[in-house]
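Step one of this worksheet: look at the structure below.
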Amino acid sequence: MTRRRNSGKHVTVAGGTSSVLPALDSLTDLPGFTDLRASERQRAAWEECVGHARDDAGDVADELLMGCVVRLDRGFPAVCTARGTFRAEFSARLTKGDNSHVAVGDWVCARVPDTHEMGLIEEVLPRESDIARWRGGSRGERQTLAANVDVVLVVQALGEKSVSCDRVARSAVIARDCGADVAVVLTKADRASDEVLERDVAAVRDVLGFGAPCVLTSSDAERAGGEERDRVATIAAACGVAFGARAVRLLVPAGVVAIVLGESGAGKSTLLNALLGHDTLETGEVRLADDAGRHTTVSRRMVSVPDGGIIVDEPGLRSLPIVGHERGLAKVFPEIVEAARGCRFRDCTHTHEPGCEVRALFEGGVISEGRLGAYLSLAAEMRSSASTLDPDVVI
Ligand SMILES: Nc1nc2c(ncn2[C@@H]2O[C@H](COP(=O)(O)OP(=O)(O)OP(=O)(O)O)[C@@H](O)[C@H]2O)c(=O)[nH]1
Ligand SMILES: [Mg+2]
Ligand SMILES: [Zn+2]
């Protein structure tokens, strides 16, 4: 079978408009098939899928390929298989059964029929995990950002404004709830003075403890080199955190799949370009007035890091509501959740009640005000979203 690729032709996209998808030939840095690893369970599901196809109609079974979704452009998947990477659509059977949803990182059973320019996804194989967020408030829906991800890189820009510890903590809770490991990457260190760098690193450490690695980066300082690079590297060392794109790469070794999670303009695509060694991903200026990004990245896309693993670049996310993330909260704040079990009142809010073990922990100096505050605000948000949640929605 020859390697087939879509060549940037016009296709109908959701909403009925016609648009041009980027030709896969022009897209570098996608992972190769051997960079991707399916689990035992996914392999078994794939064998089963081929077995069924053989029972139904033998010739289709021979065309089937195991593949991984490596890009989603406006909902259109690109699938990487041992025989190449191609754009794919869903088989009529999946579309009819409303099973035509995939995320980047999903494993699928696909084929390219002789008469087609595009591949066909015949089956979506079971996920080991997914990274998802709640979209549109507590009555909204769960949006899968990527499937089968090992590590979430929580990306936050440094600058004049203090780093948002609330945002870091909620990202960590969502990531840990989905079963992923968490690391914090504080970007744009060149924009912050020594004092601000020290303050913000200390604040993140205070909230997350040493449970999550933290890296300082500055694409500008690394590119420029010289004094500015030395300044940031020195302050990072003084704060006890790693510095630079190389340190980020160590968080994502070969065989590991990571995703960047952060607001628009946080510098996610710039960081990935630094890891790739060239400007593959589009980046965009932030607004001067409020430092907000302009939602430059619109596709979800895997890139393969030289001498490293795979990272999914994502569009920036404005909101990250906490809805039913008990497991994540318990993983990020284990000592607080454990203490809360000993509170006198079952519905203790740990703010004023007598017999509160959480406050006892705080008063005994075991947890800081920052960490307790982050926990209390996320726990309160989760209580309130649980009470408004549509009971028919399964999370
Ligand atoms: N000073 C400075 N600017 C940076 C750094 N990293 C990124 N930027 C700038 O920040 C802006 C936004 O960067 P992007 O990489 O496009 O941000 P993003 O997080 O991918 O944004 P979306 O794709 O919109 O979600 C660009 O103008 C970058 O040049 C850095 O280390 N230092
Ligand atoms: Mg981007
Ligand atoms: Zn309590």
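The values are calculated or read from the model by the stated rules, or taken from the named source; none is laboratory data. Source: prediction; values computed, not measured. Every residue, glycine among them, receives a Cβ derived from its backbone with ideal geometry; neighbour counts consider all protein chains shown.
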Exercise. In this structure, does Arg205 turn out to be away from ligand 2 (no atom under 16 Å from the Cβ), crowded, with 19+ Cβ neighbours inside 10 Å and closer than 30 Å to Ile336 by Cα?
Worked result: yes
Exercise. Hey, does the range 300-311 have a residue that's part of a loop (DSSP other than H, G, I, E, B), under 22 Å from Gly75 (Cα atoms), touching a residue at least 40 places away in the same chain (Cβ under 8 Å) and touching a helix residue (DSSP H, G or I) at 6+ places or on another chain (Cβ under 9 Å)?
Worked result: no
Seminar exercise, completed: Per the filter on the range 213-224, residues hydrophobic (A, V, I, L, M, F, W, C) and either at pLDDT 95 or above or closer than 14 Å to Gln156 by Cα (or both) are Cys214, Val215, Leu216
For this session: Only residues in the range 264-281 that are more than 18 Å from Val184 (Cβ to Cβ) count as the first member; pair them with residues that are hydroxyl-bearing (Ser, Thr, Tyr) and at pLDDT 95 or above, Cβ under 6 angstrom, at least 6 apart or cross-chain, and list the lot.
Result: Leu281/Ser269
Exercise. When residues of the range 326-342 are filtered for being crowded, with 16+ Cβ neighbours inside 10 Å and either farther than 13 Å from Ala172 by Cα or in contact with a Cys (Cβ under 8 Å, 6 or more places away or on another chain) (or both), how many remain?
Worked result: 5
Seminar exercise, completed: Within the range 301-312, residues under 15 Å from Leu261 (Cβ atoms) and surrounded by fewer than 23 Cβ atoms within 10 Å (Cβ to Cβ) come out as none
Exercise. Tally time: how many residues in the range 347-378 are more than 10 Å from ligand 3 (Cβ to nearest atom) and assigned to a loop (DSSP other than H, G, I, E, B)?
Worked result: 5
For this session: Look through the range 283-292, keep the residues that are within 14 Å of ligand 2 (Cβ to nearest atom) and either in contact with a Lys or Arg (Cβ under 8 Å, 6 or more places away or on another chain) or of a type in the set (Phe, Trp, Tyr) (or both), and return whichever of them is nearest to Asp73 (Cα to Cα).
Result: Gly284
Problem set entry | Residue count, the range 80-127 (criterion: out of contact with any Ser or Thr (no Cβ under 7 Å at 6 or more places or on another chain) and either within 26 Å of Asp313 (Cβ to Cβ) or touching a residue at least 12 places away in the same chain (Cβ under 8 Å) (or both)) | 33
Exercise. Pick from the range 348-365 the residues that are of a type in the set (Val, Ile, Thr) and at pLDDT below 95: which of them is nearest to Ala380 (Cα to Cα)?
Worked result: Thr349
Exercise. Got at least one residue in the range 248-260 being farther than 29 Å from Ser368 by Cα and within 16 Å of ligand 2 (Cβ to nearest atom)?
Worked result: yes
Exercise. In this structure, does Gly293 turn out to be away from ligand 3 (no atom under 16 Å from the Cβ) and either more than 20 Å from Ala147 (Cα to Cα) or crowded, with 23+ Cβ neighbours inside 10 Å (or both)?
Worked result: yes
